[in-house]
């Protein structure tokens with residue numbers, strides 16, 4: 001380490017991550033940098049031994065790791081973990097987030113991203129490619145970005161086009177590095193602005209806000225790994241229809257509010273993104289008549305597997321027919 005001033009604050013969120021957290025922390029403490037960085041890790045009253053591992057690492061790396069260990073779960077009390085506990089302790093010029101079931105696969109990740117942001121002052125955000133593994137650590141096909149992107153500067157319009165693409169997801173949360181000042185602005189804004197309309201979805205509103213504030217630099221190199229099916233947010237969306245319904249509703253409210261916040265400059269992208277969310281709401285509500293009679297939903301119906309598509313068609317048109325009979329009376 002050549003300078004004492006902290007350049008990067010790594011904000012880590014842990015909860016019952018005993019199975020993964022050593023892998024995560026090893027990948028962060030093993031970074032090779034020419035600057036000082038810090039790891040601020042919050043555990044939300046885990047019951048599986050996660051806190052014992054955090055204590056072990058904080059004793060081994062006392063000048064690197066700042067632990068925040070809760071005795072009672074704060075998320076269940078409605079507390080924003082990053083805003084209330086992690087960010088207030090951050091002293092770095094740049095902010096990075098990492099959930100403790102994910103890990104980094106490039107020991108130069110922090111150095112590469114800092115070098116870019118120091119060189120390209122017009123960029124407020126730096127991102128890179130991310131691979132994925134399943135809960136057991138086996139490689140998965142999912143890769144971020146899901147589309148081909150050339151390395152270099154991404155304009156705001158290009159960023160919105162990618163971020164609001166219904167068929168892809170450009171960057172994973174573990175890939176971003178952002179200027180602390182902008183991250184602080186987002187922390188203040190998120191409780192009253194368009195992010196507050198989303199239901200328990202952190203990544204999309206965060207990226208939309210950052211993307212509006214300046215250019216983004218993309219490094220075409222895999223430097224982090226996302227763990228799928230580890231019992232997190234996406235696993236719950238797949239397993240819990242009511243939760244999925246609330247999430248889709250939140251997307252619609254949040255995107256609509258974002259459209260107003262951005263003065264409708266990206267309305268075409270927003271409307272494109274709203275279609276699959278409204279489709280999901282109608283599907284969960286079992287409004288099959290709406291699914292088959294709404295022109296913009298038809299292409300989504302066709303994407304379903306044959307059995308599900310057939311059920312939607314049969315039930316949907318039956319509902320429409322019954323509705324017509326009731327009106328005739």
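The values are calculated or read from the model by the stated rules, or taken from the named source; none is laboratory data. Quick caveat: nothing in here was measured; it's all calculated off a predicted structure. Don't worry about glycine lacking a Cβ; one is built from the backbone with ideal geometry, like all the others, and counts go over all protein chains shown.
For the stretch 75-88, what are the residues that are modelled with pLDDT of 95 or more and not in a helix (DSSP H, G or I)?
Passing the criteria: none in range.
For the stretch 89-119, give me each residue that is more than 20 Å from the chain's Cα centre (by Cα) and part of a helix (DSSP H, G or I).
Those that are more than 20 Å from the chain's Cα centre (by Cα) and part of a helix (DSSP H, G or I): 89, 111, 112, 114, 115, 116, 117, 118, 119.
Within the stretch 174-182, is even one residue over 18 Å from residue 254 (Cβ atoms), part of a loop (DSSP other than H, G, I, E, B), outside the structural domain of residue 265 (by TED's automatic domain parsing) and in contact with a strand residue (DSSP E or B) (Cβ under 9 Å, 6 or more places away or on another chain)?
Checking the stretch 174-182: at least one residue is over 18 Å from residue 254 (Cβ atoms), part of a loop (DSSP other than H, G, I, E, B), outside the structural domain of residue 265 (by TED's automatic domain parsing) and in contact with a strand residue (DSSP E or B) (Cβ under 9 Å, 6 or more places away or on another chain).
I'm checking my understanding of the structure. Among residues of the stretch 35-88 that are in contact (Cβ under 8 Å) with a residue 60 or more places away in the chain and over 22 Å from the mean Cα position of the chain (by Cα), which one is surrounded by the most Cβ atoms within 10 Å (Cβ to Cβ)?
The qualifying residue surrounded by the most Cβ atoms within 10 Å (Cβ to Cβ) is 37.
Suppose the filter is in contact with a helix residue (DSSP H, G or I) (Cβ under 7 Å, 6 or more places away or on another chain) and part of a strand (DSSP E or B); does residue 223 pass it?
Judged against the criteria, residue 223 is a match.
Within the stretch 207-214, is there a residue that is touching a strand residue (DSSP E or B) at 6+ places or on another chain (Cβ under 7 Å) and surrounded by fewer than 22 Cβ atoms within 10 Å (Cβ to Cβ)?
From the stretch 207-214, those touching a strand residue (DSSP E or B) at 6+ places or on another chain (Cβ under 7 Å) are 210, 213-214; that's our starting set.
From what's left, surrounded by fewer than 22 Cβ atoms within 10 Å (Cβ to Cβ): 213-214.
Within the stretch 207-214, one or more residues are touching a strand residue (DSSP E or B) at 6+ places or on another chain (Cβ under 7 Å) and surrounded by fewer than 22 Cβ atoms within 10 Å (Cβ to Cβ).
Do we find a residue being under 25 Å from residue 201 (Cα atoms), free of Cβ contacts under 8 Å to residues at least 60 places away in the same chain, touching a helix residue (DSSP H, G or I) at 6+ places or on another chain (Cβ under 7 Å) and not in a helix (DSSP H, G or I) anywhere in the stretch 3-15?
No, the stretch 3-15 contains no residue that is under 25 Å from residue 201 (Cα atoms), free of Cβ contacts under 8 Å to residues at least 60 places away in the same chain, touching a helix residue (DSSP H, G or I) at 6+ places or on another chain (Cβ under 7 Å) and not in a helix (DSSP H, G or I).
Could you figure out which of (1) surrounded by 16 or more Cβ atoms within 10 Å (Cβ to Cβ); (2) at pLDDT 90 or above; (3) under 29 Å from residue 23 (Cβ atoms) isn't true of residue 221?
The one condition residue 221 does not meet is (1).
Determine which member of the set 171, 176 is free of Cβ contacts under 8 Å to residues at least 60 places away in the same chain, within 22 Å of residue 28 (Cβ to Cβ) and surrounded by 21 or more Cβ atoms within 10 Å (Cβ to Cβ). Reasoning before the result, please.
On the way: 176 fails: free of Cβ contacts under 8 Å to residues at least 60 places away in the same chain.
On inspection, the qualifying residue turns out to be 171.
Kindly check whether there is at least one residue in the stretch 257-279 that is at pLDDT below 90 and in contact with a helix residue (DSSP H, G or I) (Cβ under 8 Å, 6 or more places away or on another chain).
no
Filter the stretch 1-33 for residues that are out of contact with any strand residue (DSSP E or B) (no Cβ under 9 Å at 6 or more places or on another chain) and farther than 17 Å from residue 67 by Cα and give the result.
Selection gives 19, 32.
Tell me, please, whether a residue that is in contact (Cβ under 8 Å) with a residue 12 or more places away in the chain, under 22 Å from the mean Cα position of the chain (by Cα), farther than 17 Å from residue 179 by Cβ and surrounded by fewer than 18 Cβ atoms within 10 Å (Cβ to Cβ) can be found in the stretch 120-131.
First, the residues of the stretch 120-131 that are in contact (Cβ under 8 Å) with a residue 12 or more places away in the chain: 120, 122-131.
Those left that are additionally under 22 Å from the mean Cα position of the chain (by Cα): 123-131.
Imposing the further condition that a residue be farther than 17 Å from residue 179 by Cβ reduces the set to 129-131.
Keeping just the survivors that are surrounded by fewer than 18 Cβ atoms within 10 Å (Cβ to Cβ) gives 131.
Yes; the residues of the stretch 120-131 include at least one that is in contact (Cβ under 8 Å) with a residue 12 or more places away in the chain, under 22 Å from the mean Cα position of the chain (by Cα), farther than 17 Å from residue 179 by Cβ and surrounded by fewer than 18 Cβ atoms within 10 Å (Cβ to Cβ).
Condition (residue is in a helix (DSSP H, G or I), within 24 Å of residue 196 (Cα to Cα) and in contact with a helix residue (DSSP H, G or I) (Cβ under 6 Å, 6 or more places away or on another chain)) applied to the stretch 284-307: is it met by at least one residue?
Looking through the stretch 284-307, at least one residue is in a helix (DSSP H, G or I), within 24 Å of residue 196 (Cα to Cα) and in contact with a helix residue (DSSP H, G or I) (Cβ under 6 Å, 6 or more places away or on another chain).
Give just the number: which of (1) surrounded by 18 or more Cβ atoms within 10 Å (Cβ to Cβ); (2) in a loop (DSSP other than H, G, I, E, B) does residue 269 not satisfy?
Of (1) surrounded by 18 or more Cβ atoms within 10 Å (Cβ to Cβ); (2) in a loop (DSSP other than H, G, I, E, B), only one is false for residue 269: (2).
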